[in-house]
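So the structure is just underneath, and the comments pick up after that.
The values are calculated or read from the model by the stated rules, or taken from the named source; none is laboratory data. All values derive from a computational prediction rather than experimental measurement. Because the Cβ atoms are built from the backbone with ideal geometry, glycine has one as well, and the counts that use them run over all protein chains shown. Just so you know, the surface numbers come from the protein's heavy atoms only, side chains and all, with ligands and any DNA or RNA stripped out. Shrake-Rupley method; radii C 1.70, N 1.55, O 1.52, S 1.80 Å.
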Amino acid sequence: MATKLINEANEQAARFFSRRHFLQNCVTGMGATALASLLGGCNLFSSPGSGSPAQSLNPLDPRAPHFPARAKSVIYLHMAGAPSQLEMFDYKPELQKLHNQLCPPSLLEGKKFAFIRGVPKMLGPQAQFKQYGQSGAWVSDFMPHFSSVVDNVSFLKAVQTDQFNHGPAQLFMHTGSARLGRPSLGAWVTYGLGSENSNLPGFVVLTSGGKTPDAGKSVWGSGFLPSVYQGVQCRSKGDPVLFISDPDGMNRDLRQQSIHAINKVNRLEYEAYADPETLSRISQYELAYKMQISVPGVMDISDEPAYIHEMYGTKPGQESFANNCLLARKLVEKGVRFVQLFDWGWDAHGTGVDTAIDLGMRTKCQEIDRPLTALLLDLQQRGLLDETLVVWGGEFGRTPMQENRDGKEMPFLGRDHHAAAFTMWMAGGGIRKGFTWGETDEIGFNAVKGQVAVHDIHATILQQLGFDHEKLTYQFQGRPFRLTDVGGHVIKEILS
């Protein structure tokens, strides 16, 4: 198999130097040269904001940001399905007084909901709240461990989005657009900064909860950016990356020879056509070869000391949010630029026990409470929190009204999708400690102070990584695109 690949690669390389190949392609080559001169020698695949990835044969080479960065890497924890802020961080005692009363018409007029029909009942908080730390942050008894680290966190209590269905809302939260085709946040970051570890991907994705997000793998895709910048999904159970092992009959020497032969042809292809996807192909072949050695070691958490496993609540060999949190720490420790954790199962509609706001959601909180806390403490004790930006949140929030799908009461307590106000938080990476920005009304329905939009979240993340979000662009279809489209403001209030 390997010998056949090498022979085919050598034949392809010989074609590049044949007289027939020159005669077939010289006319188009001269035309491309002339066109380039008419365009002023510009590189159509370059970014005026971060330098062109096409200027290097390795598009993941480290690159400098626009200005000195506060963070070197990002760990983004997305709770797919949208957790209820009203049972976790947004304490509303007035809502408890309205429990089981019919919803006032003023909250329904002119509003769109995913499932609520007619007049639902109000639903009081299904958790007990207390204030913690010097900051006095409100945290519910769903998150007892996390209450001990609130002084490391900045809460955003008035986040808003314009999407109220999962797929579009997740796309918007991670790509800046509710439509398919845009690069994900992690892809933009690795495009702008490259990677600090040539043996590992710059952007790694870890999933838990048994399913991938509703929007699919597009939420970690590269969109119109070269595909080398898309997220690489790793697994905490079984082989960390699919097909990472050599097939029968293929040893390391044969693998190396075949990749060398293939990439020799790819380099000739790039010299001829300057297609950035050819660079992606070269980089991905070489990275895959290196990953066969580096990834199994990094993704193995069994060698961590017992106190770390106790701290996170990890169980090696299983797929879990706890294991993924520990892996995230190991990955940023090794220089991975962007680590994305998706945890599925937060869609608390009340259709069953697992989606009940007082039952299933409590269980989900128990699954993330200890690992989240351990991640922040572990990063801090290793001196990594100051240079690692940790982001937590969902794609939208939940309503203060009880869901009544098709106008009927649900068998269990649940809340519908809510785009007007929800909670996210950030920590580390130059983020202000023990602070809360934004406020909702007395029942958590509308944002009344410190409203922030999805593009503001993106602008702030890029700011901490050293980028002006308006200048990190990529030329596509005749115009420069950016993550924040035509919006976005840095949330300066939460910066230290």
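Quick notes
- The listed residue being surrounded by fewer than 22 Cβ atoms within 10 Å (Cβ to Cβ) and part of a loop (DSSP other than H, G, I, E, B), out of SER135, SER148: SER135
- A single member of GLY434, GLY438, GLY478, GLY407 is without any contact (Cβ under 8 Å) to a residue 60 or more places away in the chain and open to solvent by 10 Å² or more (accessible area, probe 1.4 Å), and it is GLY478.
- The set of residues in segment 138-193 being of a type in the set (Asp, Glu), over 27 Å from LEU472 (Cα atoms) and within 20 Å of the chain's Cα centre (by Cα) is empty.
- Taking (1) surrounded by 14 or more Cβ atoms within 10 Å (Cβ to Cβ); (2) over 30 Å from THR388 (Cβ atoms); (3) over 29 Å from the mean Cα position of the chain (by Cα) in turn, PHE129 satisfies each apart from (2).
- Contacts under 7 angstrom Cβ, first residue in segment 120-139 being farther than 13 Å from MET88 by Cβ, partner acidic (Asp, Glu) and open to solvent by 40 Å² or more (accessible area, probe 1.4 Å), 6 or more apart: GLY133/ASP151; GLN134/ASP151; SER135/ASP151
- Reported count of residues in segment 78-98, each being more than 27 Å from TRP425 (Cα to Cα) and open to solvent by 60 Å² or more (accessible area, probe 1.4 Å), is 1.
- The residue of segment 331-363 that is nearest to GLU304 (Cα to Cα), among those that are assigned to a helix (DSSP H, G or I) and open to solvent by 20 Å² or more (accessible area, probe 1.4 Å), is GLU333.
- Against the criterion of being out of contact with any helix residue (DSSP H, G or I) (no Cβ under 6 Å at 6 or more places or on another chain) and more than 30 Å from GLY444 (Cα to Cα), GLY167 does not qualify.
- Condition check for HIS458: touching a Gly at 6+ places or on another chain (Cβ under 9 Å), in a loop (DSSP other than H, G, I, E, B) and either open to solvent by less than 10 Å² (accessible area, probe 1.4 Å) or of a type outside the set (A, V, I, L, M) (or both): no
- Among the numbered conditions (1) in contact with a helix residue (DSSP H, G or I) (Cβ under 8 Å, 6 or more places away or on another chain); (2) under 26 Å from GLY133 (Cβ atoms), the only one that GLN366 does not meet is (1).
- Condition met for GLN170 (open to solvent by less than 20 Å² (accessible area, probe 1.4 Å) and not small (Gly, Ala, Ser)): yes
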